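What follows is a short report on a single structure.
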Amino acid sequence: MQHVAPISTFRAPLFVPGDDWRKIEKAAALDVDAILLDLEDGVALNRKAEARQTIAAALREVAFGRSARVVRINSLDSPFWREDLAAILPAAPDALMLPKTASADQIAALTALVGALPLIAIVESGHGLINIGAIASASGVTSLAFGAEDYAADIGAQRTPGGDEVLMARSTVVLHAKVNRLAALDTPYIDLHDLDGLRADARRALTLGFTGKLAIHPRQIDVLHEVFTPTAEEIDRASRLIAAHDAQQASGSGVFAFEGRMIDMPLVRAAEQVMERARAAGISPSA
Ligand code: COA
Ligand code: MG
């Protein structure tokens, strides 16, 4: 059996409506890190039952290669989630995604039924953000995701191209993910045709500390992989900086000059994070 990509390495997990067999098959052939089979808002209310059956069949019959198979169930304050689990769990998904996560109690209610199955918790409401400390440290949660559209709707903010209205929430999601050593996935970019806008928004997410960004269309995948994979030059520089640091430490100096810039521990840690992202992207640096 092929090895499935671990959640910490997701750079561009792709949403697919759970009732659309054709898109599920297309997604499975794309060689993405993960496919997010949606039962929530990408599926009409009168198609939930059909989507459950379609996803269960796809999990059993479709060859997903190295793509992790993640099912986004409906939120725990909806009437749907128990039936979602009943249909999906016997077909053995690799992970679950919980939308509108509002509290650690919801995580506990879910893990009581799903055991050790990894959970990606989407924080996309005022309550979710207020309770994010407990959510991020709850057992079973392996990743946090941010949903900007739902969050903005929940608090009555208006979306702008610059995203000032969601900056605090975005950064808070990164903060809690990183403190708990979780992956952090940024909100999808909903303009399907604006790849320059997607690239700028993904770069912004990268600079804030996100490890990947949710994708909603196949054409977004290449851009997201490009943004969230360190370049060969970045990797080369990081590995030389770490080597120089090790040599300086051995000779007893904590601070030193490297290519004309002062280097001390924070910059060494940043270089180590570049190497971590490279390894997560499946690149094994020679040095
Ligand atoms: N996964 C797999 N295949 C997809 C896809 C996706 N997310 N989005 C589009 N495609 C396929 C289409 O089926 C189409 O294939 P075809 O040419 O063989 O028929 C091709 O890519 C081009 O699609 P396009 O015409 O550009 O888009 P569309 O109008 O069919 O679909 C969306 C637009 C937004 C409905 C679609 O991208 C989608 O369903 N995205 C995911 C939405 C979702 O799950 N949202 C919930 C979470 S936010
Ligand atoms: Mg949503």
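Computed from the coordinates by the stated procedures, all read-outs in this text should not be read as laboratory data. For clarity, every value in this text was computed on a predicted model and none was experimentally measured. Here the Cβ is made from the backbone with ideal geometry for all residues, glycine too, and neighbour counts use every protein chain on show.
Taken over the alpha carbons of the chain as equal point scatterers, the Debye sum produces base-10 log I(q)/I(0) values at 0.14, 0.15, 0.16 Å⁻¹ of -1.02, -1.14, -1.28. Subtracting the Cα-Cα distance of residue 267 and residue 105 from 0.36 nm times their residue separation leaves 54.5 nm of extension gain. For the chain, the longest principal axis of the Cα atoms and the long axis of helix 265-280 meet at an angle of about 50 degrees.
Against the chain, whose longest principal axis comes from its Cα atoms, helix 164-179 is set at around 80 degrees.
For segment 224-256 versus segment 146-214, the spacing of their alpha-carbon centroids is 27 Å. Calculated FRET efficiency, residue 155 and residue 26, Cβ-Cβ r, R0 51 Å, to nearest 0.05? Step by step, r from the Cβ atoms, then E = 0.90. Considering only 42, 115, 252, the Gaussian network model of the chain with Cα springs below 10 Å gives its largest mean-square fluctuation to 252.
Rounded to the nearest 20 debye, the dipole size of segment 7-228 about its Cα centre is 500 debye, using +1 on the Cβ of Lys and Arg and -1 on the Cβ of Asp and Glu. Values of log10 I(q)/I(0) for segment 1-93 across q = 0.18, 0.25 Å⁻¹ run -0.74, -1.32, by the Debye formula with one identical scatterer at each alpha carbon and no solvent.
Rounded to whole numbers, the Karplus 3J(HN,Hα) couplings from phi for segment 45-55 are 4, 8, 10, 4, 5, 4, 5, 4, 5, 5, 5 Hz, using 6.51 cos²θ - 1.76 cosθ + 1.60 with θ = phi - 60°, and x at Gly and Pro. Of the Cα atoms belonging to segment 135-267, the radius of gyration and Dmax stand at 18.3, 57 Å. Around the amide H of residue 98, modelled in the peptide plane, lie the amide H atoms of 120, 121, 122, all under 5 Å away and 5 or more residues distant in sequence or on another chain. Projecting the Cα positions of 267, 205, 224 onto the charge dipole of segment 179-271 (unit charges on Cβ atoms of Lys, Arg, Asp and Glu, taken about the Cα centre) puts 267 furthest along the positive direction.
Calculated mean residue ellipticity, 222 nm, the chain: -14000 deg cm²/dmol, from DSSP H runs (n ≥ 4) at -39500 (n - 2.57) each, averaged per residue and rounded to 500. For segment 71-77, 3J(HN,Hα) computed residue by residue from phi via the Karplus equation (6.51, -1.76, 1.60; θ = phi - 60°) reads 10, 8, 7, 7, 5, 6, 9 Hz, glycine and proline entered as x. Of interest is the spacing of the C-alpha centroids, which for segment 1-25 and segment 26-79 amounts to 8 Å. The Kirkwood radius of segment 232-280, taken over pairs of alpha-carbon atoms, gives through the Stokes-Einstein law at 10 °C and 1.306 mPa s a diffusion coefficient of 146 µm² s⁻¹. Annotation: extensible slack from residue 127 through residue 179 equals 16.7 nm (criterion: 0.36 nm per residue apart, minus Cα-Cα distance).
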